[in-house]
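The values are calculated or read from the model by the stated rules, or taken from the named source; none is laboratory data. Model, not experiment: these values are computed from the prediction. Here the Cβ is made from the backbone with ideal geometry for all residues, glycine too, and neighbour counts use every protein chain on show.
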Amino acid sequence: AQSVTQLGSHVSVSEGALVLLRCNYSSSVPPYLFWYVQYPNQGLQLLLKYTSAATLVKGINGFEAEFKKSETSFHLTKPSAHMSDAAEYFCAVSGGSNYKLTFGKGTLLTVNP
Amino acid sequence: DTGVSQDPRHKITKRGQNVTFRCDPISEHNRLYWYRQTLGQGPEFLTYFQNEAQLEKSRLLSDRFSAERPKGSFSTLEIQRTEQGDSAMYLCASSPTLNTGELFFGEGSRLTVL
């Protein structure tokens with residue numbers, strides 16, 4: 001069984017500040033890990049993914065995440081927040097033959113001017 | 001590549017009515033997934049197809065829900081005798097058979113049951 005815990009349902013940062021969104025996972029098999037972003041009334045867009053290659057993964061829009069097996073974490077960061085980053089972010093884990101994703105509850109990111 | 005398409009985008013219905021949602025996956029994708037997302041929650045898995053075969057169903061998929069994927073192309077999700085608790089965003093996603101788990105999502109169909 002797999003699960004994802006996202007710490008903090010709402011994160012608020014100032015424009016230009018560091019963004020840190022936390023994700024911890026549980027998986028009985030080597031996981032694939034993902035971050036998706038969702039803008040209001042839209043579907044989910046992939047930001048980045050970890051698939052057992054490099055532990056530091058770079059994604060779109062300047063985001064990156066680091067896989068830490070010892071901490072079972074996959075936190076998402078961006079050095080400098082932009083107003084356009086305001087959205088809901090979901091961490092997800094995949095495993096097993098059907099590749100279905102198990103999502104966390106999401107973190108709403110607010111960027112203040 | 002036109003992406004995953006879902007129809008309708010919005011549906012308002014009265015309790016007890018039946019509704020059907022359609023999903024057109026990316027053309028070369030064999031795997032198709034349905035998820036449900038309620039306000040303030042992450043998407044929850046409902047069901048999964050490999051081509052036309054429905055290989056997994058979540059316990060969330062009650063007897064009032066049925067999904068099909070005839071000929072392994074588009075898929076439909078039908079909800080019979082809708083209840084207010086069915087109000088949610090229904091998301092469809094697809095992926096190729098050989099992949100690393102990335103799902104490609106449509107923009108969703110939002111259901112409001114009055």
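List of remarks:
- Any chance A:SER26 is more than 15 Å from A:HIS75 (Cα to Cα) and more than 9 Å from chain B (Cβ to nearest Cβ): no
- Residues that are within 17 Å of B:TYR35 (Cα to Cα) and either at pLDDT below 95 or surrounded by 20 or more Cβ atoms within 10 Å (Cβ to Cβ) (or both) were ranked within segment B:70-81; the one that is nearest to the chain's Cα centre (by Cα) is B:LEU77.
- When segment A:4-33 is filtered for residues that are within 21 Å of A:ALA53 (Cα to Cα) and either buried (at least 19 other Cβ atoms within 10 Å of the Cβ) or hydroxyl-bearing (Ser, Thr, Tyr) (or both), the ones remaining, listed by number, are A:VAL4, A:CYS23, A:TYR25, A:SER26, A:SER27, A:SER28, A:PRO31, A:TYR32, A:LEU33.
- Some residue of segment A:88-106 being farther than 20 Å from B:ARG31 by Cβ, more than 12 Å from the chain's Cα centre (by Cα) and not in a helix (DSSP H, G or I): no
- The residue pairs whose first member lies in segment A:91-103 and is under 18 Å from B:PHE104 (Cβ atoms) and at the interface with chain B (Cβ under 8 Å from one of its Cβ atoms), whose second member is aliphatic (A, V, I, L, M) and surrounded by fewer than 18 Cβ atoms within 10 Å (Cβ to Cβ), and whose beta carbons are closer than 8 Å, counting only pairs six or more residues apart or on different chains, are A:ASN98/B:LEU55.
- Scanning segment B:63-92 for residues that are within 20 Å of B:VAL4 (Cα to Cα), small (Gly, Ala, Ser) and in a helix (DSSP H, G or I) returns a single hit, B:GLY72.
- Considering only residues in segment A:41-72 that are part of a strand (DSSP E or B) and within 15 Å of A:GLY106 (Cα to Cα), the one that is nearest to the other protein chains (Cβ to nearest Cβ) turns out to be A:LEU44.
- Restricting the first member to segment B:62-74 and to residues that are among the acidic types (Asp, Glu), and the second to residues that are modelled with pLDDT of 95 or more, the beta-carbon pairs closer than 7 Å and six or more apart or on different chains are B:GLU68/B:SER75; B:GLU68/B:THR76.
- Residue within segment A:36-55 that is in contact (Cβ under 8 Å) with a residue 24 or more places away in the chain, under 15 Å from A:GLY95 (Cα atoms) and among the small types (Gly, Ala, Ser) present: no
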